[in-house]
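Colleague: Got a structure here, written out as structure tokens. Questions coming.
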Amino acid sequence: MTNLNRVVLSAIALTFAAATAHAQAIMVDTTTKPGVIAIVGGKLLTVSHGTIENGVLIMESGKITAVGTAAAVKVPKGATVVDAKGMTVYPGLFDAETNLGLTEVASDQVNNDLVEPSDEIFPQMHVYDAFHAETEHIPIDRFNGITTAIVAPRGTDTMPGQDTFIQLAGRDHDQMILTKDIALAMNFGDAPKRGGQGGGAGGPGARYPSTRMGEISQLHQALIDATEYMKARAAAAGKPADTEAPAESGRSRGAPSAKFDLKNEALIPYLKGEKPVVIGVEEGHDVEAIMALALEFHLKVILSHVTHSQTVLDKIASYHVPVIVGPIYELPEAGERYDAVYSLPAELAKRGVKVALASYSNEFIRNLPYAAGYAVAYGLPYDEALKSITLNPAEMFGIADKYGSLDTGKVANVVIANGDPLDVRTDVKQVYIDGIAIPMVTRQTRLRDEYMPK
């Protein structure tokens, strides 16, 4: 073996070792709760009931037990007191859609579990099966105040699976997963079209749709089949189906069967309206087409992206559904104003639409508060911007009783920072998840401490 080969192999080994280390973040056990913690003297951004100057927030057993002014809230005897004078205290931030934990090193396909390409319709796929709790990206995101997130598969299939709700701390995978199947992912428009990629899509014997017509037809048939399946299962059990079948359900491919079917079974909670369906769609005409399908099946809808739908914003408002917006930094299309995407949250909020912001990305989740700040610069009221990354997504997914604001009884996900959370100049000083003080350490801080000249 030549010296050059030895050098190359050594470099490969070091790279592999670095990648392996990169994929194993230090876990934080949130099981054992500390005693009473009192955060005093800070400006409390409660989100739900305004700002409290010189406030006091009490945490115990992982919950917020009191919030108010220093005059109104008494610090319990024996509490650990955290002096937040001059600081801003606010609820942990909530990313409404990301692929955090599904990819580690984007260029290495072994690290990517973003979507299952073997089938376009895969509602029985569970994101939690692939979620990598030890990813090094999580400490980085916590470092900027992100405490909870909806993890979703990539939007390149029409129905790629079910989303998972996580907290960004825990001793292991199971403790970090809060709700395994919180919503169904559905996509329509340009993104899910396979074109000429894989499986013969678009050519003779194609298995996957390569046009919008094919996408909508495929989704329609999947929902009809699941509706007929639900009716057959209910009839076999002697119970009502508890759903209204669409008028066109006669187009089912076969007679109803009571035989257990994993794919159809996964769709039942969504056909019953028990859980939301998050529909990723960008163009205005695509919004109208997919919403017609959603209304036919009485789906509980959260629209997502709507990035280039400025021409149908009034129509979107008429649906009375919440909207997840992003990425806000996307460039305008030909014919759009330069600020068309930047001002989208403001335009939707102006029409009474509940708006949440999302990173949609493993790499940029840490920048979530800055996206909200950008939206403020382009017309979104500040209070609404803060809600878009805290309370609004919690309400959209039906978990606002526990998350999204500084209120008594809610989970103690709390951030202490030295300024406005939407300002890039602000540094987060401490994050609490489940009332546990999270070590403010990331791979970057470890490297800094190791190599910075002493």
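The values are calculated or read from the model by the stated rules, or taken from the named source; none is laboratory data. Worth saying up front: this structure is predicted, and the values here are computed from it rather than measured. Here the Cβ is made from the backbone with ideal geometry for all residues, glycine too, and neighbour counts use every protein chain on show. Just so you know, the surface numbers come from the protein's heavy atoms only, side chains and all, with ligands and any DNA or RNA stripped out. Shrake-Rupley method; radii C 1.70, N 1.55, O 1.52, S 1.80 Å.
Colleague: In nm, to one decimal, how far is the Leu295 label point from the Asp190 one, both placed 7 Å along Cα→Cβ?
Modeller: For Leu295 paired with Asp190, the spin-label model returns 2.6 nm.
Colleague: Could you work out, for the stretch 69-108, what percent of all Cα-Cα pairs fall into each 5 Å distance bin, beginning at 0 Å and stopping at the bin that holds the largest distance?
Modeller: Reading upward from the zero bin: 5, 12, 13, 16, 10, 8, 10, 11, 8, 4, 3, 0.
Colleague: Moving on to the next point. Suppose R0 equals 25 Å. What FRET efficiency, 1/(1 + (r/R0)^6) with r the Cβ-Cβ distance, do Met440 and Asn54 give to the nearest 0.05?
Modeller: Numbers: r = 25 Å, r/R0 = 0.98.
E(calc), rounded to 0.05, equals 0.50.
Colleague: Another question, if that's okay. Using alpha-carbon positions, what is the distance between the centroids of the stretch 330-362 and the stretch 410-454, in Å?
Modeller: Result: 29 Å between the Cα centres.
Colleague: If you don't mind, another one. In the neighborhood of Lys402, defined by Cβ-to-Cβ distances under 15 Å, what is the net charge if each Lys or Arg adds +1 and each Asp or Glu adds -1? Before the final figure, lay out the partial values.
Modeller: Values: positive: Lys63, Lys410; negative: Glu395, Asp401, Asp407, Asp434.
Around Lys402, the surrounding residues sum to -2.
Colleague: Quick one: grab the alpha carbon gyration tensor of the stretch 88-197, order the square roots of its eigenvalues as a ≥ b ≥ c, and give me rounded if a/c is under 1.5, else prolate or oblate depending on whether a/b is larger than b/c.
Modeller: Cα axes put the stretch 88-197 in the prolate bin.
Colleague: Per 10 Å bin, what is the whole-percent P(r) computed from every C-alpha pair distance within the stretch 19-78?
Modeller: All Cα pairs considered, the percentages come to 21, 37, 21, 14, 6, 0.
Colleague: Assuming a ≥ b ≥ c are the square roots of the Cα gyration tensor eigenvalues, decide whether the stretch 297-350 counts as rounded (a/c under 1.5), prolate (otherwise, with a/b larger than b/c) or oblate. It would help to have the intermediate numbers written out before the result.
Modeller: Values: a/c = 2.13, a/b = 1.91, b/c = 1.12.
Prolate, because a/c is 1.5 or more and a/b exceeds b/c.
Colleague: If you don't mind, there's one more thing I want to ask. List the trypsin sites (Lys or Arg not before Pro) in the stretch 269-369 that DSSP assigns to loop (not H, G, I, E or B) and whose Cβ has at most 10 other Cβ atoms within 10 Å. Which are they? Before the final figure, lay out each step's value.
Modeller: On the way: sites: Lys272, Lys300, Lys315, Arg337, Lys350, Arg351, Lys354, Arg366; in loops: Lys272, Lys300, Arg337, Arg351, Lys354.
Those satisfying the criteria are Arg337.
Colleague: Taking every DSSP beta bridge with both residues inside the chain, roughly what % is antiparallel (nearest 5)? Don't skip to the answer; put the middle values down first.
Modeller: Working: 34 of 62 bridges.
Roughly 55 percent of the beta bridges in the chain run antiparallel, per DSSP.
Colleague: Further question on the same structure: Counting only chymotrypsin sites (Phe, Trp or Tyr not before Pro) that are in a DSSP loop and have at most 12 other C-beta atoms within 10 Å, tell me the longest site-free stretch of the chain. Before the final figure, lay out each step's value.
Modeller: Numbers: sites that count: Phe260, Tyr329, Tyr338.
Longest site-free region, per DSSP loop and neighbour criteria: 1-259.
Colleague: Right, another one. Given a 1.4 angstrom probe, I'd like the percentage of the accessible area of the chain that is carbon and sulfur, rounded to a whole number. It would help to have the intermediate numbers written out before the result.
Modeller: Numbers: 11020 of 20190 Å².
The C+S portion of the solvent-accessible surface of the chain is 55 percent.
Colleague: Can you name the helices of the chain, as whole DSSP H runs, whose Cα span along the helix axis is 20 Å or more and whose Kyte-Doolittle mean is not below 0.0? Could you put the intermediate results ahead of the total?
Modeller: Working: long enough: 3-22 (28 Å, 1.05); 212-237 (37 Å, -0.15).
TM-like helix candidates: 3-22.
Colleague: Kirkwood-based Rg over Rh for the stretch 92-156 (C-alpha set), two decimals?
Modeller: Using only Cα positions, Rg/Rh for the stretch 92-156 is 0.98.
Colleague: So, one more: State the label only: which of (1) 67, 58, 39; (2) 72, 68, 53; (3) 102, 50, 36 corresponds to Cα extents along the principal axes in Å computed from the shown model?
Modeller: (2)
Colleague: Now, a different point. Leaving out ligands and nucleic acids, note down the accessible area per residue over the chain with a 1.4 angstrom probe, in whole Å². Don't skip to the end; give the middle numbers.
Modeller: Values: 20190 Å² over 454 residues.
Averaged over the residues of the chain, the accessible area is 44 Å².
Colleague: Summing +1 for each Lys or Arg and -1 for each Asp or Glu, what net charge is found among the other residues whose Cβ lies under 15 Å from the Cβ of Val82? Walk me through the numbers on the way to the answer.
Modeller: On the way: positive: Lys43, Lys85, Lys429; negative: Glu60, Asp83.
Around Val82, the surrounding residues sum to +1.
Colleague: For the pair Glu116 and Ala334, what calculated FRET efficiency results from E = 1/(1 + (r/R0)^6), where r is the Cβ-Cβ distance and R0 = 35 Å, to the nearest 0.05?
Modeller: After rounding, the FRET efficiency stands at 0.55.
Colleague: Another one. Put Met291, Met27 in order of accessible area, largest first, 1.4 Å probe: what do you get? Provide the component values of the computation, followed by the final result.
Modeller: Values: Met291 5, Met27 55 Å².
Per-residue accessible area, sorted high to low, gives Met27, Met291.
Colleague: Once you sort the root eigenvalues of the Cα gyration tensor of the stretch 361-454 as a ≥ b ≥ c, which label holds: rounded (a/c under 1.5), prolate (a/b larger than b/c) or oblate (the other case)? Show your work: numbers first, answer last.
Modeller: Details: a/c = 2.22, a/b = 1.40, b/c = 1.59.
It is oblate, given that a/c is not under 1.5 and a/b is not larger than b/c.
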